[in-house]
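Worksheet: the structure to be examined is printed underneath.
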Amino acid sequence: MTWWWLSFVDPRTGKWLGCTVVNAMDEFAAVKVSHALGVNPGGEVAFQKIVTDVKPPVELLEQLVTDRVDAQVHGRRWVEGMEGMFV
């Protein structure tokens, strides 16, 4: 399983709707997992495979983060603990 960063945007307005990190086999499964967990607000989704053994902060893991500052702060904290980065 792999960690996936999902970011959601309203395709009509371009407004960022939030992000989440889920564990899944591939990007398609990650989107399905986000639906199953109720953390997918709809819209278009961008996804990024994350290569690391460092578990994401609980503030990002399998929940919808809708505050950009929270996403940046917790994301930065996570990245600082990683040996690898985005692929």
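Values in this text are rule-based calculations from the coordinates and carry no lab data. Here the structure is a predicted model, which means the values were calculated and not measured. Heads up, the Cβs are rebuilt from the backbone with ideal geometry, glycines too, and the neighbour counts pull from every protein chain shown.
General remarks:
- Residue among 62, 44, 27 with the largest mean-square fluctuation in a Gaussian network model of the chain, springs linking Cα atoms under 10 Å: 44
- Spin-label pair residue 73-residue 54: with each label point 7 Å from Cα along the Cα-Cβ axis, the two points sit 1.8 nm from one another.
- Note on 67, 26: ascending count of other Cβ atoms within 10 Å places them as 67, 26, the fewest first.
- For region 12-25, backbone phi angles converted through the Karplus equation (6.51, -1.76, 1.60; θ = phi - 60°) give residue-by-residue couplings of 7, 9, x, 6, 6, 9, x, 8, 7, 10, 10, 9, 7, 6 Hz, Gly and Pro being listed as x.
- Helix content alone sets the calculated 222 nm mean residue ellipticity of the chain: runs of n ≥ 4 DSSP H residues at -39500 (n - 2.57) each, divided across all residues, give -8500 deg cm²/dmol.
- Whether the chain is rounded, prolate or oblate, judged on the alpha carbon gyration tensor where a/c under 1.5 counts as rounded: oblate
- Fewest-first sequence of 20, 66 by Cβ atoms within 10 Å of each Cβ: 66, 20
- Dipole in debye (nearest 20) - the chain, about Cα centre, beta carbon charges: Lys, Arg +1; Asp, Glu -1: 160 debye
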